[in-house]
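The values are calculated or read from the model by the stated rules, or taken from the named source; none is laboratory data. Remember, it's a predicted structure, so these values are computed and weren't measured experimentally. Heads up, the Cβs are rebuilt from the backbone with ideal geometry, glycines too, and the neighbour counts pull from every protein chain shown.
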Amino acid sequence: MPGLFAHDRLAGARSRTAGQGPDLVQETLLHAVRSFGTFEGDSEAELLAWLRRLLVNNLTDFTRLYRATGKRQVAREIALGAGGPSEPGAPELSADISSPSGRAVRHEEAESIEKAMQRLPEDYRRVLVLRYENKQSFNDIGRVMHRSANAARKLWLRALERLQEELKQPP
């Protein structure tokens, strides 16, 4: 989906704020997952148009929220020197490696997801594996599972909802 989240072109120079892109993308994707049941399109082009509309709406709300404040303005940021974080006088930055406790938390999360996946019906497990591990499109998933692409998309949505419910259950 190249160019889908080209937020700088949409935002314009006056409304650009630090972190805007990641915030907008995250909010748009969360909104898309939550309201995917309302999507009525049948093609990739319609899906992209729907996602763009969500992005534009979120951009409008985001710009309205931060326009009148000094928060998160790029002009207020202090750039690191060209040498990066190792340059003398540069502030301490977090390392790219994770701590033992961080690795332990990720391991526990992976285990809880695996256990929740095992509690799902076979079709739900299969659609999630095809989508996330095999990175297949809904058209491909539909063919493999003998369904239409739209039926595969709806199955995937139900599987996500059920997985979220299972993850809320105590181990």
- Query: Looking only at region 140-153, which residues are free of Cβ contacts under 8 Å to residues at least 40 places away in the same chain and in a helix (DSSP H, G or I)?
  - Reply: 140, 141, 142, 143, 144, 151, 152
- Message: Can you say whether residue 160 is among the hydrophobic types (A, V, I, L, M, F, W, C), under 24 Å from residue 35 (Cα atoms), out of contact with any Cys (no Cβ under 8 Å at 6 or more places or on another chain) and at pLDDT below 85, as far as the supplied structure shows?
- Response: no
- Message: For region 154-171, give me the residue count where each residue is part of a helix (DSSP H, G or I) and polar (S, T, N, Q).
- Response: 1
